[in-house]
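Enquirer: I have a structure I would like to understand better, so I am pasting it below and will then ask my questions one at a time.
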Amino acid sequence: MQIIRFLAHDVPVALHAGELWLGLVPPPDLTFHIREAIEIAGARRIGHGVALAFERDMEGLIAEMRARPVVVEVNLTSTDLILGVRGKDHPLPAYLAAGVLSSDDAGISRIDLTNEYMRAARDYGLGYRMLKAIARNALIYSFLDAAQKRDELARFDRSCAEFERSLASRQTPLQTAVTLLKATVTLPP
């Protein structure tokens, strides 16, 4: 981790960390990977991060990730198929405020980003607004330069607005009102 920090002192760092699970290593070996990737190597993106619950001071680590900010690329299919981590064992709910979804290598998992969004909707009940926020975060926390990031965010926002207008034009006025109310009212879980 120190070598990575030294070599990448002026380059954004993305590392896979916390990609292990019980049975692969002894439990004490699950307690530091994410933290060291962030604090020592200076990672701004963490790939997988499924061992979050085993990290020392998990709440403090999440707070630190939000403050820096550090985001997590959550790979639902990979962690399910390779590690058997899914459902209530997966830290996705803990990462939603700071994480992004990404797909695994299509050549390895035979999936794409659409698959990951479908899994998130099906397995975790994520709706359009949350999936849209996650997709937007992928751009916000990307390593694009400022001008590229601004352009891509504008393009994303235009595409979403066009999609939403297209859906709204197919609804009756009552359906549109209900949709708007659902989008603006947050009900307790």
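The values are calculated or read from the model by the stated rules, or taken from the named source; none is laboratory data. Keep in mind that what you see is a predicted model, and the values were worked out from it rather than measured. Glycine also receives a Cβ, built like all others from the backbone with ideal geometry; neighbour counts cover every protein chain displayed. Calculation scope for accessible area: heavy atoms of the full protein, side chains included, ligands and nucleic acids excluded. Shrake-Rupley method; radii C 1.70, N 1.55, O 1.52, S 1.80 Å.
Enquirer: Scan region 109-126 for residues that are at pLDDT 90 or above, open to solvent by 50 Å² or more (accessible area, probe 1.4 Å) and in a helix (DSSP H, G or I) and report the count.
Expert: Number of matching residues: 4.
Enquirer: Identify the residue in region 149-189 that is among the β-branched types (V, I, T) and surrounded by fewer than 10 Cβ atoms within 10 Å (Cβ to Cβ) and, among all such residues, is modelled with the lowest pLDDT. Walk me through it before giving the result.
Expert: Residues of region 149-189 among the β-branched types (V, I, T): 172, 176, 178-179, 184-186.
Imposing the further condition that a residue be surrounded by fewer than 10 Cβ atoms within 10 Å (Cβ to Cβ) reduces the set to 172, 184-186.
Details: T172: 81, T184: 63, V185: 60, T186: 52.
Once the filter is applied, the top-ranked residue is T186.
Enquirer: Spot the failing condition for L30; the list is (1) closer than 19 Å to L61 by Cβ; (2) touching a residue at least 60 places away in the same chain (Cβ under 8 Å), and only one is missed.
Expert: If we test L30 against (1) closer than 19 Å to L61 by Cβ; (2) touching a residue at least 60 places away in the same chain (Cβ under 8 Å), just (2) comes out false.
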